[in-house]
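The values are calculated or read from the model by the stated rules, or taken from the named source; none is laboratory data. All values reported here derive from a predicted model rather than from experimental measurement. Note that we place each Cβ from the backbone using ideal geometry, even for glycine, and neighbour counts take in every protein chain shown. Side chains included, ligands, DNA and RNA excluded: accessible areas come from the protein's heavy atoms. Shrake-Rupley method; radii C 1.70, N 1.55, O 1.52, S 1.80 Å.
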Amino acid sequence: MEEPFDSESQIESLNKTKRVGTAPNTFAALRHRNFQLYFGGQLISNAGTWMQVIAQGWLVYELTHSDLALGIVGFAAAVPALIVSPWGGVVVDRVPKRTLLIITQASAMLLAFILAVLVFTGVVQEWHIILLAGGIGLVNAFDGPGRQSFIAEMVGREDLPNAIALNSLMGNGARVIGPALGGILLAVVGAAWCFTINGISFLAVIIGLWAMQVKPHQPLYLMESPWKQLISGIQYVSKRFDLGGLLLLASIFSIFGISYATVLPAFVEQVLHQGAAAYGWVNAVIGVGAVMGVFLITNQHGPRWRGLWLGIAGVAFPIVLAAFAFMSLYAVSLILAFGLGLGFMVQFTMINTLLQTRVEDQLRGRVMALYTLTFFGLAPLGNLAIGVLAQSIGLSVSILIFAVLSLVFTLFVLKKIPQLKELP
């Protein structure tokens, strides 16, 4: 085992030594040992998580054959995330981030094992899945801002944009592997094994976190009340047009853009007339598109390109989604799914990067908690709404309506805050 660092100067000396190797810009953040450990552990864990997402969606649909039930399960994760996420950011700014992440990852592992046991014993019911989804929402309220903020500690500001892009690459590389394996395992051995493997995969993250060498935690606001911290974070964002506009775009995209994924199991069966394996491949192709998006991002340079790409992706994604909504040909739907993954990744990576490179370190946890709120807190509201609509007027029409709303609201924000398209 390596000797622990005894000073910040040694840490900086090591970082400088690693830079001598001149790693390609595409993988610059991997010069940092802590990020290497994080990257590897999260890749394994996220693949397991996507296996669970595939299996859980299919299990809910098998139990209920209801589009609405899919929306309800998605919505269940919103309630704790919607209420707790802002406070999660306060906690992130007050406690050691590595310790917090070990706790959240262990909690998510326990929830996965509970679901596996329920399915193995044949007693699983819809309300069990809803309750466990709420538990995952509670975990994500702390884990989301914790992970986003911890990236800056692992790599520093110089390599932060690249680390965010590589983090997206890792997550969506897992989205290629996980759904493909999940679809196959779901068809061959059933959902319970998918949940079990996901639970085991969390060990990779926990071990990686334990192996990291981090600076001692230095709390910044122990004399300030959590309530004042929360209010100061919200006020900070409200006074910045760039941060507020980016969070608004993230909210629109989370509610109306990506909600189609909730009813995707029903879409695969009713519109594409395919089974569990095809559902896994559709998700895998979305992941391939997302990975391609990351590679495009990490190799782009020049002034104001991030804002430009953000605007293009915000308009292109709902157009592709509208075409996908009525596509009954499986092969063509895979091509469109690739476009959905590409557009999703460009938009969310741009929003994440632009937020992280503009926020002050002492407020990072709270700002990223608001970003997490858009994804884990607001997105399930769209999930519930699209489930209700799909049950009433049909899947394709519902997806089309949400695509149109995403496009209209995005164009409105870009017109009202044109500076967003000029952000570097």
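Couple of notes before you dig in:
- Residue check for R157: open to solvent by 20 Å² or more (accessible area, probe 1.4 Å), in contact with a Ser or Thr (Cβ under 8 Å, 6 or more places away or on another chain) and on the phi < 0 side of the Ramachandran plot: yes
- Tally of residues being surrounded by fewer than 23 Cβ atoms within 10 Å (Cβ to Cβ) and touching a residue at least 12 places away in the same chain (Cβ under 8 Å) across the range 379-394: 6
- L100 within 24 Å of G57 (Cβ to Cβ) and free of Cβ contacts under 8 Å to residues at least 60 places away in the same chain: no
- The residues listed here are T353, T349; of these, the one that is farther than 18 Å from A141 by Cβ, open to solvent by less than 10 Å² (accessible area, probe 1.4 Å) and in contact with a Ser or Thr (Cβ under 6 Å, 6 or more places away or on another chain) is T349.
- Checklist (1) in a helix (DSSP H, G or I); (2) at pLDDT below 90; (3) small (G, A, S) applied to G122, failing item: (1)
- Filtering I130, I184 for residues that are touching a Gly at 6+ places or on another chain (Cβ under 7 Å) and either assigned to a loop (DSSP other than H, G, I, E, B) or open to solvent by 10 Å² or more (accessible area, probe 1.4 Å) (or both) leaves a single hit, I184.
- Residue within the range 43-54 that is assigned to a helix (DSSP H, G or I) and over 30 Å from A211 (Cα atoms) present: yes
Matching residues to (1) modelled with pLDDT of 85 or more; (2) open to solvent by 50 Å² or more (accessible area, probe 1.4 Å); (3) assigned to a helix (DSSP H, G or I):
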residue	(1), (2), (3)
W58	no, no, yes
L70	no, no, yes
P80	no, no, yes
P86	no, no, yes
G89	no, no, yes
I103	yes, yes, yes
A106	yes, no, yes
I114	yes, yes, yes
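- Hits in the range 235-247 (condition: in contact with a Phe, Trp or Tyr (Cβ under 9 Å, 6 or more places away or on another chain) and open to solvent by 10 Å² or more (accessible area, probe 1.4 Å)): L247
- Of the residues making up the range 148-168, none is assigned to a helix (DSSP H, G or I), modelled with pLDDT of 80 or more, touching a Pro at 6+ places or on another chain (Cβ under 9 Å) and polar (S, T, N, Q).
- Each residue in the range 241-273 was checked for being under 19 Å from the mean Cα position of the chain (by Cα) and within 20 Å of V320 (Cα to Cα), and 16 pass.
- Test: residue in the range 251-271 that is at positive phi and outside any helix (DSSP H, G or I): no
- Among the residues of the range 193-233, those that are modelled with pLDDT under 85 and small (G, A, S) comprise S225, S232, G233.
- Filter result for V282 (part of a helix (DSSP H, G or I), in contact with a Leu (Cβ under 7 Å, 6 or more places away or on another chain), open to solvent by 10 Å² or more (accessible area, probe 1.4 Å) and in contact (Cβ under 8 Å) with a residue 24 or more places away in the chain): no
- The range 381-400: number of residues that are under 16 Å from S254 (Cβ atoms) and of a type in the set (A, V, I, L, M): 5
- Picking from residues in the range 395-424 that are of a type in the set (A, V, I, L, M, F, W, C) and without any contact (Cβ under 8 Å) to a residue 60 or more places away in the chain, the one that is most open to solvent (accessible area, probe 1.4 Å) is F412.
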